[in-house]
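See below for the structure under consideration.
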Amino acid sequence: MMIRMRRRWLSLSRLVRSTTTIIPHCHHYYHSSSSSHQSSSQFLNRGRKWDAVVIGGGHNGLTAAAYLAKSGLKVAVLERRHVIGGAAVTEELIPGFKFSRCSYLHSLLRPCVIKELDLKRHGLRFLKRNPSSFTPCLDGRYLLLGPDATLNHSEISKFSERDAIAYPKYEGQLTKFCNIMDSLLDLPTPEIKSDLTSSIDFMADKFKKSAFWARLLQQSFLLGQKDMVDFMELMVSPASRVLNNWFEAEILKATLATDAVIGTTVCHVTVDESSGRVNGVMLSDGTHVFASNVLSNATPYLTFMELVPKNVIPEEFMNAIRNLDYSSGTTKINIAVDRLPHFQCCRPDLSKAGPQHHGTIHIGAESLEELDIAYKDGVNGLPSKRPIIEMTIPSVLDKTISPPGKHVVNLFVQYTPYKLSEGCWQDLSFRESFARRCFALIDEYAPGFSSSIIGYDMLSPPDLEKEFGLTGGNIFHGAMSLDSLFLMRPVKGWSGYRTPLRGLYLCGSGSHPGGGVMGAPGRNAANVVLQDIKTSAA
């Protein structure tokens, strides 16, 4: 399912703007103009104390702010850039062409967020893709996949009749497993609260956590032993092993595997020394934004290493945050083109888009071996010689984001290490050389693509860090490996959005349940804040 990001975050930002105050130019990566900086400072210097301040106007920050404001709190959102939306923002970088800078698909936005914040009434609209996947081959064949079971069987049968029969079973198993995981996304983790002084509160918290584990255990029993073993295999095994057990056609395995490897204001928090809790946020010009609660939508590293004052957080916690895995091998390239790419494996109608243009287009991934070779280049500190590219063309579905007859093309490219063994991402010639490498690879499948390019915007891992505050260029605010999920996210003992500094909470993708444009971390964190406010008032 594809959704135009600008509309998604316009719908959420409209709701937030109607209930909260957005304060721009507050992060240390950018300096605002004197006029705008003065106006925001004048507003904040009125001595007003907010119930909550949210650092970062990305999708989770906006979600948290909306829930807090909906409950009646006075909320301010601090954003360092000139626009809100974070990594899910849409910007017109080339006149007439609107790009979703870092994100490109919608699939995870939680239904409860859509319903509870009434986002459809605020302008949210979904643009569905059918088919949803297209993988061209250099030998003239191709594979289309989507929600149509008949289409899937027909397409997969071109490569393997056995795989065509197995594919619905594979999808059914994944759906069954997703239903188990789904219940975990919309709830805080069952983290034991360590600051409870009342025995009654302690027992109530323990009972609540026991009820959580009881529900999970019941779901496991209903699943059965065989499915539980399959579920554990899926969680701990390499994608290649799982796919090899299911399928024989390399193109099908490679298509499915690419989704498994994706992504593998100055403001400082201020502290009341006497009480050991936050009392607001200090901007780069010295302006103090007073608040009883501060929610950080920044990465855990940025929050504790750069925003929180030194020596107020236990060293053990700081070491755990410092040692988190923020490595990234992802580059995003946004392109304006004067025509649709024409894939030589298809017989295109040059007058309109075909089914091959609607979904995610997998370039350079016709086998698991190709993925492995590209990955090994990255491990050695080199951009992949033949990158793995996921291409989308959102203007096929949304005619308002590009001029008539022209199109927006998004490329999600792997593998591109943050730290290079040769070359430098700040070197313009190096950047241009890698971009041309990506375009040339697409030319192999769609001749003439390079000549259709009007202009492009490239975000390497260092660019993602500098522009959007994504530590290491990691789009998930940290690795999504098993040792960094659920009760381990961001670190062991602190998965419940609270932090060692009282009144400071994490609400971004670095907290449970993790990355992806879902809004769950923001919603869950807001609910924890509201729970703490209610408890302290009792």
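The values are calculated or read from the model by the stated rules, or taken from the named source; none is laboratory data. Since the structure is predicted, the reported quantities are computational estimates derived from the model, not experimental observations. Heads up, the Cβs are rebuilt from the backbone with ideal geometry, glycines too, and the neighbour counts pull from every protein chain shown. Keep in mind that these areas ignore ligands, DNA and RNA; they rest on the heavy atoms of the full protein, side chains included. Shrake-Rupley method; radii C 1.70, N 1.55, O 1.52, S 1.80 Å.
For residues in the stretch 159-203 being of a type in the set (V, I, T) and modelled with pLDDT under 80, which is surrounded by the fewest Cβ atoms within 10 Å (Cβ to Cβ)? Ranking the qualifying residues of the stretch 159-203, first place goes to T197. In the set (1) crowded, with 21+ Cβ neighbours inside 10 Å; (2) of a type outside the set (A, V, I, L, M, F, W, C); (3) out of contact with any strand residue (DSSP E or B) (no Cβ under 7 Å at 6 or more places or on another chain); (4) not in a loop (DSSP other than H, G, I, E, B), T135 fails one condition alone, (3). Based on this model, can you work out whether A65 counts as buried (at least 23 other Cβ atoms within 10 Å of the Cβ), at pLDDT 95 or above and either of a type in the set (V, I, T) or outside any strand (DSSP E or B) (or both)? Considered against the rule, which asks whether it is buried (at least 23 other Cβ atoms within 10 Å of the Cβ), at pLDDT 95 or above and either of a type in the set (V, I, T) or outside any strand (DSSP E or B) (or both), A65 comes out as yes. Within the stretch 395-417, restricting attention to residues that are out of contact with any strand residue (DSSP E or B) (no Cβ under 6 Å at 6 or more places or on another chain) and part of a helix (DSSP H, G or I), the residue that is least open to solvent (accessible area, probe 1.4 Å) is V396. Residues in the stretch 138-158 that are open to solvent by less than 70 Å² (accessible area, probe 1.4 Å), aliphatic (A, V, I, L, M) and in contact with a Phe, Trp or Tyr (Cβ under 9 Å, 6 or more places away or on another chain): L143, L144, L145, I156. Is it fair to say V529 is open to solvent by less than 10 Å² (accessible area, probe 1.4 Å) and among the β-branched types (V, I, T)? Against the criterion (open to solvent by less than 10 Å² (accessible area, probe 1.4 Å) and among the β-branched types (V, I, T)), V529 qualifies. Just so you know, in the stretch 274-305 the residues that are touching a His at 6+ places or on another chain (Cβ under 8 Å) and at pLDDT 90 or above include one that is farthest from R322 (Cα to Cα), and it is G280. So is F207 in a helix (DSSP H, G or I), farther than 19 Å from N524 by Cα and at pLDDT below 85 or not? In short, yes. Just one of (1) part of a strand (DSSP E or B); (2) open to solvent by 10 Å² or more (accessible area, probe 1.4 Å); (3) among the polar types (S, T, N, Q) fails for Q344. It is (1).
Just to be sure before I move on: is R498 charged (D, E, K, R) and either open to solvent by 50 Å² or more (accessible area, probe 1.4 Å) or touching a helix residue (DSSP H, G or I) at 6+ places or on another chain (Cβ under 8 Å) (or both) in the structure I sent? Criteria met by R498. Of all residues in the stretch 80-99, those that are open to solvent by less than 20 Å² (accessible area, probe 1.4 Å), of a type outside the set (G, A, S) and under 26 Å from D186 (Cβ atoms) total 1. Among the residues of the stretch 287-341, those that are in a strand (DSSP E or B), open to solvent by 10 Å² or more (accessible area, probe 1.4 Å) and not polar (S, T, N, Q) comprise H288, F290.
Of all the criteria given as (1) more than 18 Å from L243 (Cβ to Cβ); (2) modelled with pLDDT under 95; (3) not in a loop (DSSP other than H, G, I, E, B), the one not satisfied by K352 is (3).
Here L109, L73 are screened, and the one residue that is among the aliphatic types (A, V, I, L, M), part of a loop (DSSP other than H, G, I, E, B) and over 20 Å from the mean Cα position of the chain (by Cα) is L73.
Looking across the stretch 211-232, the residues that are assigned to a helix (DSSP H, G or I), open to solvent by less than 70 Å² (accessible area, probe 1.4 Å) and not aliphatic (A, V, I, L, M) come down to F212, Q219, S220, D227, D230, F231.
Filtered by the rule that a residue be open to solvent by less than 10 Å² (accessible area, probe 1.4 Å) and part of a loop (DSSP other than H, G, I, E, B), the stretch 448-468 gives F449, S460.
Within the stretch 44-72, the set of residues being of a type outside the set (G, A, S) and more than 16 Å from E116 (Cβ to Cβ) comprises L44, N45, R46, R48, K49, W50, D51, V53, V54, I55. Answer yes or no as to whether L382 is over 20 Å from the mean Cα position of the chain (by Cα), open to solvent by 30 Å² or more (accessible area, probe 1.4 Å) and not charged (D, E, K, R). In short, yes.
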